[in-house]
Amino acid sequence: MDENGKQIGIVETRRALEIAQNKGLDLLEVSHNLNPPVCRILDYGKYQYQKQKREQKAKRKIKKMELKGIRLSFNIGKHDLEFKAKQADKFLSEGHKVKIELILKGREHSHLDLAFQELRAFQSLLQSRFKLEQSPRKLGDRIITILTKVN
């Protein structure tokens, strides 16, 4: 193929190199698996530049998902709970995963049913539609759950 994309046909390698050199361009092998291999006459520097620009554009379109954390305590106030719920909504709407940690101290460990109830109350305050990626479970001195946005 020539620099305009027109097919020249089957040409010997030496002849193809001569054509490319006469035009001040390079010969690039596009597909070596075929018989005969497919080559293209083009400006290799320009080709590399365009390829790099396409890759950068594709990279910009990819949304980076982060794991954002929200920490709650067992005896958190109502206003604080609502504020944290707004934060979690914001994170979910931006497409991030949200890790919710409810930290237990001292005798709070003996009231796990109330702690799980507090976590459910927090989830009911969320405005965004979400799904549980990881259901609530106790890990050491905290109860952890991970939420993701439903598309």
Checklist entry - Taking segment 107-123 as the region of interest, how many residues are under 14 Å from GLN87 (Cα atoms) and either among the hydrophobic types (A, V, I, L, M, F, W, C) or loosely packed, with under 13 Cβ neighbours inside 10 Å (or both)? => result 1
Checklist entry - Does SER124 qualify as being farther than 14 Å from GLY69 by Cα, in the same structural domain as HIS79 (by TED's automatic domain parsing), at pLDDT 85 or above and within 18 Å of the chain's Cα centre (by Cα)? => result no
Next on the checklist: Please verify whether GLY24 is small (Gly, Ala, Ser), free of Cβ contacts under 8 Å to residues at least 40 places away in the same chain, surrounded by 10 or more Cβ atoms within 10 Å (Cβ to Cβ) and not in a helix (DSSP H, G or I), treating the condition exactly as stated.
Outcome noted: no
Next on the checklist: Out of everything in segment 47-81 that is outside any strand (DSSP E or B) and among the hydrophobic types (A, V, I, L, M, F, W, C), what residue ends up being farthest from GLU108 (Cα to Cα)?
Outcome noted: ALA58
Next on the checklist: Of everything in segment 124-151, what is without any contact (Cβ under 8 Å) to a residue 12 or more places away in the chain and either outside any strand (DSSP E or B) or surrounded by 11 or more Cβ atoms within 10 Å (Cβ to Cβ) (or both)? Give them in sequence order.
Outcome noted: SER124, GLY140, ASN151
Checklist outcome for this item: Only one of SER31, SER93 is within 33 Å of the chain's Cα centre (by Cα), outside the structural domain of GLU133 (by TED's automatic domain parsing) and surrounded by fewer than 16 Cβ atoms within 10 Å (Cβ to Cβ), namely SER31
Checklist entry - Is it fair to say ALA85 is surrounded by 14 or more Cβ atoms within 10 Å (Cβ to Cβ), outside any strand (DSSP E or B) and among the aliphatic types (A, V, I, L, M)? => result yes
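The values are calculated or read from the model by the stated rules, or taken from the named source; none is laboratory data. Treat the numbers as computed from the prediction; the structure is a model and nothing was measured. Positions of Cβ are generated from backbone atoms using ideal geometry, with glycine treated the same way; all protein chains shown enter the neighbour counts.
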